[in-house]
């Protein structure tokens, strides 16, 4: 009997090796050509495969932050990758197939997902479910989480705030989801569906589809300010550390101070702004329908440039912006002048991440191939919105006979 074990194990090992080899071969045919990437100043950092049954499911969302990249399928499969190495960390199936979900949200330790009437928290490092609660009404947008609270906007115009500490205590006592209402701190009712929610820990902002922006005190629910636009709002708010960018269907966008609700400036594009405004450093990138992309000065709202060949923001490096055009090409645009530096075909990668947190470009195929790209010579990411989250890199003494980076000003700065 024992004699038959080793040949059987060898057969299985050979089969797994052939499957792995076939997967690598298939991926190699799908991956962007490195020569094409060089033409637009990019290099491939890593690639990975998300867990998805391509025969009946597909990747719908790609969500990056400073630590992980999450591929989320239509049927509730989430796969997390380390964003520095691409190593797959975990894969989890949530909810039931056919139930609507919104893109996941993250903080430094948790991943929050709403599926149907349920909201889940996953440990970002392991994928273990930390807690699950039931929301009183159907969610209408991606949830928002800060250090103390989690918020969810709903189709009936309500925004609910839940205390994270209370949620964790209830879950440890096995009282969730039955006693979800005990974790609710407040509910704020608006006239119509909530489109997006944003919190800085002090003020919670949410905008309804009828074009009203509300700024509410996070702990107390008291209204700080309310702003009415002239038309409907169906685009999620853009955001920076101290401002919100609210685009309405009348082709106008307002830059609003997040602490007091004062309008800093207004921009009129001439066409409805259909994609979420993106902010990197002192630049705001805006994409009106069939009008290319505008780059605005974040302080004044003044137009810095306009590029008609770019429409979907992907990421911004030190010198170049990376975006998709209307036919699926990846376009590299000079950040200073708006001049088109080159384009390469990327039509196979239909799932895109608008990454304004770091300088990494993340794209995926609907079948689960996830790719991370970076500017040539930039081995370590640049952190934009939260530079304090950048890990401390170890300092190594230079080898004997090798000049230190400080002694050679002509070399690339590997810390950027």
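Given region 57-113 reduced to its alpha-carbon atoms as identical point scatterers, what log10 I(q)/I(0) does the Debye formula return at q = 0.20, 0.27 Å⁻¹? So the normalised log intensities work out to -0.68, -1.16. Here the mean projected area of the convex hull built on the C-alpha positions of region 148-195 is 3.4 nm². Protection proxy ranking, highest mean first, for peptides 362-369, 188-195: 362-369, 188-195, where packing is the per-residue count of other beta-carbon atoms within 10 Å, averaged. Taking the Cβ-Cβ separation of residue 379 and residue 306 as r and a Förster radius of 30 Å, what is the calculated FRET efficiency to the nearest 0.05? My answer for the efficiency is 0.40.
Report, in deg cm²/dmol and to the nearest 500, the calculated mean residue ellipticity at 222 nm for the chain, where each DSSP H run with n ≥ 4 adds -39500 (n - 2.57) and the sum is divided by the residue count.
Details: 3 runs with 41 residues, N = 416.
About -3000 deg cm²/dmol.
The GNM of the chain, with springs linking C-alpha atoms under 10 angstrom apart, assigns the highest mean-square fluctuation among 158, 337, 121 to 337.
With both labels modelled 7 Å from their Cα along Cα-to-Cβ, the residue 181 to residue 96 distance reads 2.4 nm.
Can you give the alpha-carbon Rg of the chain over 2.2 N^0.38 Å, where N counts its residues?
1.06
Percent of Cα pairs in region 173-220 per distance bin of 5 Å, from zero to the largest separation: 5, 19, 22, 18, 17, 12, 6, 1, 0.
Sorting 380, 81 on the 10 Å Cβ count, fewest up front, what's the list? Kindly include the intermediate steps, with their values, before the conclusion.
Working: 380 16, 81 24.
So the ranking, lowest neighbour count to highest, is 380, 81.
Note on residue 108 and residue 54: their simple-model spin labels are 3.9 nm apart, each label 7 Å out from Cα toward Cβ. Simple spin-label estimate for residue 123 and residue 210 gives 4.5 nm between the two label positions (7 Å along the Cα-to-Cβ direction from each Cα).
For 165, 278, which order do you get if you count the other beta carbons within 10 Å of each Cβ and list the fewest first?
165, 278
Shape descriptor for region 203-320: Rg over Rh equals 0.97 (Cα atoms; Rh from the Kirkwood inverse mean 1/r).
With Cα atoms as the point set, region 301-355 shows a radius of gyration and Dmax of 10.9, 35 Å.
Sorted largest first, the principal axis extents computed over the alpha-carbon atoms of region 118-225 equal 39, 26, 25 Å. Among 78, 117, 246, the residue with the largest mean-square fluctuation in a Gaussian network model of the chain, with springs joining Cα atoms closer than 10 Å, is 117.
Each Cα pair under 8 Å and six or more residues apart adds its sequence gap; the mean of these over the residue count of region 55-115 is a relative contact order of 25 percent.
When the chain is modelled as a GNM with alpha-carbon springs shorter than 10 Å, which of 304, 357, 330 fluctuates the most? Looking only at 304, 357, 330, the largest GNM fluctuation is found for 304.
Since every read-out is calculated from the coordinates, none of them should be taken as a lab result. None of these values were measured; they are calculated from a predicted model. No Cβ is skipped: glycine too gets one built from the backbone with ideal geometry, and neighbour counts run over all protein chains shown.
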